[in-house]
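Asker: What follows is a single structure, and I will ask about it in a moment.
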Amino acid sequence: MKAQPPPTRDRILQAAAKLFYHDGIRAVSVDAIAEKAGVTKRTLYYHFRSKDDLIAAHLEARDQPNLALFKRWFEETEGNVATKVAGLFRQLARSARNGKWKGCGFLRTSVELVNLPGHPALVAARTHKKHVEDWLSSIFLDAGAGTDALPLARQIMLLLDGSFTIVLLHRDPSYMETAADAAARLIDERLTNARMP
């Protein structure tokens, strides 16, 4: 039995995701997305009011899958909380060794739209980063960080997003591994201090 094609809206999002990731959001035209999805522009605009809405929907669709991937990598890494968080960076370094890797789509989109702070895609990007930060904070809270949980999560976010940027700049995934070591040391130190009377 032949598999059913995905619904039209999903096909458009899948086509947009491939093109946006490969070429960036500004370089990709609505015509190119419609062609890749196998739909007319009219059909595309039936599902998305504008290219801006499509960009935002693309990032919203990536939010939970990206977070789920981080959670899976965390769970699959053996060791304490510091080692498990460092495992996220090490997995990202492995991904960055693939020649097709282009970094974090949320950050790349943010850079392209830096002059449009109210853009719906920037709202989606901020929401995703906040979800990751909240998840990290909950991990650190469960590990006994207390009031240091949120500041620690924010420091890890800075290491994470900073390493995305510097790896793209230098095309050297070892920066992500260096960030992994820094994150592990920082987490170990914070959790040790939190447990001291």
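Asker: For the list (1) open to solvent by less than 50 Å² (accessible area, probe 1.4 Å); (2) over 28 Å from Val28 (Cα atoms); (3) of a type in the set (Lys, Arg), I need the number of the one condition that Arg154 fails.
Answerer: Of the numbered conditions (1) open to solvent by less than 50 Å² (accessible area, probe 1.4 Å); (2) over 28 Å from Val28 (Cα atoms); (3) of a type in the set (Lys, Arg), the odd one out for Arg154 is (1).
Asker: Taking the condition within 18 Å of Phe74 (Cβ to Cβ), assigned by the TED database to the domain that holds Val81, of a type in the set (Asp, Glu) and over 20 Å from the mean Cα position of the chain (by Cα), does Asp148 pass? Break it down into steps so the answer makes sense when it comes.
Answerer: Working: within 18 Å of Phe74 (Cβ to Cβ): no; assigned by the TED database to the domain that holds Val81: yes; of a type in the set (Asp, Glu): yes; over 20 Å from the mean Cα position of the chain (by Cα): yes.
No, not satisfied.
Asker: Tell me, which helices (runs of 4 or more DSSP H) wholly within segment 3-95 include 2 or more residues that are open to solvent by less than 30 Å² (accessible area, probe 1.4 Å)? Walk me through how you get there before you give the answer.
Answerer: Values: elements: 8-23, 30-37, 41-47, 51-76.
Qualifying helices (runs of 4 or more DSSP H): 8-23, 30-37, 51-76.
Asker: Let me ask something else. All but one of (1) within 21 Å of Leu158 (Cα to Cα); (2) over 14 Å from the mean Cα position of the chain (by Cα); (3) assigned to a helix (DSSP H, G or I) hold for Phe106; state the number of the condition that does not hold.
Answerer: (2)
Asker: Within segment 124-178, count every residue that is in contact with a Phe, Trp or Tyr (Cβ under 6 Å, 6 or more places away or on another chain) and among the acidic types (Asp, Glu).
Answerer: So the count comes out to 0.
Asker: How many residues does segment 97-106 hold that are open to solvent by less than 90 Å² (accessible area, probe 1.4 Å) and either over 11 Å from Val167 (Cβ atoms) or of a type in the set (D, E, K, R) (or both)? I'd like the intermediate steps shown before the answer.
Answerer: Initial filter on segment 97-106 (open to solvent by less than 90 Å² (accessible area, probe 1.4 Å)): 98-99, 101-106.
Pick out the ones that are also either over 11 Å from Val167 (Cβ atoms) or of a type in the set (D, E, K, R) (or both) and you get 98-99, 102, 105-106.
Here the count works out to 5.
Asker: Under 9 Å between Cβ atoms, at least 6 apart or on separate chains: pull out the pairs that start in segment 137-160 with a residue that is on the phi > 0 side of the Ramachandran plot and end on any residue that is at pLDDT below 95 and open to solvent by 60 Å² or more (accessible area, probe 1.4 Å).
Answerer: Gly144/Arg195
Asker: Of all residues in segment 132-151, which are open to solvent by less than 60 Å² (accessible area, probe 1.4 Å) and part of a helix (DSSP H, G or I)? Spell out how you get there, then give the answer.
Answerer: So the first thing to find is which residues in segment 132-151 are open to solvent by less than 60 Å² (accessible area, probe 1.4 Å), and the list is 132-133, 135-140, 143-146, 148-149, 151.
If the condition is that a residue be open to solvent by less than 60 Å² (accessible area, probe 1.4 Å) and part of a helix (DSSP H, G or I), then Val132, Glu133, Trp135, Leu136, Ser137, Ser138, Ile139, Phe140, Gly146, Asp148, Ala149, Pro151 are the ones that fit.
Asker: Only residues that are of a type in the set (Val, Ile, Thr) and either in contact with a Cys (Cβ under 9 Å, 6 or more places away or on another chain) or more than 29 Å from Thr109 (Cα to Cα) (or both): list them for segment 123-151, please. Outline the logic, then answer.
Answerer: Going residue by residue through segment 123-151, those that are of a type in the set (Val, Ile, Thr) are 123, 127, 132, 139, 147.
Correct list: Thr147 only.
Asker: While we're here: Cβ-Cβ distance below 7 Å, separation of 6 or more or different chains: which pairs start in segment 86-106 with a residue that is in contact (Cβ under 8 Å) with a residue 40 or more places away in the chain and end on one that is of a type in the set (Ser, Thr, Tyr)?
Answerer: Within 7 Å, the pairs are Gly87/Thr77; Phe89/Ser163; Lys102/Tyr21; Gly105/Tyr21.
The values are calculated or read from the model by the stated rules, or taken from the named source; none is laboratory data. Nothing here was measured: the structure is a model prediction, and the numbers come from that model. Every residue, glycine as well, gets a Cβ built from its backbone with ideal geometry; the counts of neighbours run over all protein chains shown. For accessibility, only protein heavy atoms count, side chains too; no ligands or nucleic acids. Shrake-Rupley method; radii C 1.70, N 1.55, O 1.52, S 1.80 Å.
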